[in-house]
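All remarks here apply to the structure that follows.
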Amino acid sequence: MEESKSPAKLGKLSQARGTKISAKEKSSKDAHMQREEPTSTTRRPGNLHPVKEEHNPGSSGAEEEAEEEPMVEEGSITEQQLGLRQAEERLYRDYIHRLLKQSPEYPNYQYLCKLCSVHIENIQGAHKHIKEKRHKKNITEKQEENELRALPPASAAHLRALDVSIQRTARQHGISQEDLQVRKAVVTRMEEVIRRHLPACSLRLYGSTLTQFAFRSSDNIDVSHPPSMTQPEVLIQVLEILKNSTDFSEVESDFHAKVPAVFCREVCSGLLCKVTAGNDVACLTTNHLAALAKLEPRLVPLVLAFRHWARLCHIDCQAEGGIPSYSFALMVIFFLQQRKEPILPVYLGHWMEGFEVKHVDEYHLTGIWLDMFVKWERRPPSSTD
């Protein structure tokens, strides 16, 4: 009965029973396997068995198609299969995995690089991909990530030292109540100058100044204007008004930016000001973040320390391809929301009737009530859209 089993199954059965395969059985088995073995080394052998692999949280969705590390019995494979196995083990260490099923978009490709999310046709193509600069860069970053994840948890002494460092950074680089009053005074002076020519307009602070996520070097001011005036019209007039004022210097404009603005420096305080018009969404977001800052006192020091670290690493300049400073605050908030024991509440989720993550863009912030409650409005796209 056992001689009628396939060679691969026979190897497994003999291992489970603790018996040895005779030379005759082994010779017959090898001959049978050689007849069935395909001539191309890029075709997947039928006796490669995947083992369980730890999930990589930073991987792309395409990785669900990839096979985990192949493990086979040494004595049950041919020389050709052994060569393929060793090649794939080498590729596995470079995060290149054989596909469990073919991708509809790439039907002739057998491998997937999990680091680069690139489909690869065969072993030769995989070796070529490993030598590419992109893959080498991703490998280096992955090794650094693994080293960081392997670090032991911080001790109580480490945590105390980190707490002192964060608080010191917040005091040195963040704005104080005195700084906030200076900014409000600058807004008042600018509003007086502008309203002499545009009496229907008013000015308001927004952005990191009100959330207290700001450094001491700049300020954001928005011009609220009546519906009868357009944003370009308001900004052009504001530009001319500030240029002709002795209270402001270094007046420039950037009307081609995503959010058109006028930049100037207040002479008395030396404060750099960015003036926009009709930026209602930014003002609403400011109110939301300011409410979160009041809810959790640790939020402001963490954001300031994170922003200071980003500045030291030169990754916070959006004009040079870096990350907007606003994003660092969002990352800290998300981290505090996603802890096992959340420190900050989540305001959008599946507990809301009809909520789906894929339709999150349909929800629009409309206001904050009592610094505690968030008002959302859902605006589904029309049928014509």
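The values are calculated or read from the model by the stated rules, or taken from the named source; none is laboratory data. Since we're looking at a predicted model, the values are computed, not measured. Don't worry about glycine lacking a Cβ; one is built from the backbone with ideal geometry, like all the others, and counts go over all protein chains shown. When the accessible area is computed, the model is the full protein with side chains, heavy atoms only, and any ligands, DNA or RNA have been set aside. Shrake-Rupley method; radii C 1.70, N 1.55, O 1.52, S 1.80 Å.
Taken about its Cα centre, region 177-284 carries a charge dipole of about 100 debye when Lys and Arg each add +1 at the Cβ and Asp and Glu each add -1 at the Cβ. Restriction of the chymotrypsin sites (Phe, Trp or Tyr not before Pro) in region 331-381 to DSSP coil positions whose beta-carbon has at most 11 other beta-carbons within 10 angstrom yields W351. The charge dipole of region 287-378, taken about its Cα centre with unit charges on the Cβ atoms of Lys, Arg (+1), Asp and Glu (-1) only, comes to about 320 debye.
Over region 122-270, accessible surface divided per residue gives 62 Å², non-protein components excluded, 1.4 Å probe. Looking at region 165-217, the trypsin sites (Lys or Arg not before Pro) that sit in a DSSP loop and have at most 12 other Cβ atoms within 10 Å of their own Cβ are R196. The trypsin sites (Lys or Arg not before Pro) of region 331-377 meeting both criteria, a DSSP state outside H, G, I, E and B (loop) and at most 12 other C-beta atoms within 10 angstrom of the site's C-beta, are R339, K340. Tell me the net charge near L365. Cut-off is 13 Å between Cβ atoms, L365 excluded, with +1 for each Lys or Arg and -1 for each Asp or Glu. For residues surrounding L365, the net value is -1. Which of rounded, prolate, oblate describes region 89-131, given a ≥ b ≥ c as roots of the alpha-carbon gyration tensor eigenvalues and a/c under 1.5 marking rounded, otherwise prolate only if a/b is larger than b/c? Taking the square roots of the gyration eigenvalues as a ≥ b ≥ c, region 89-131 is prolate.
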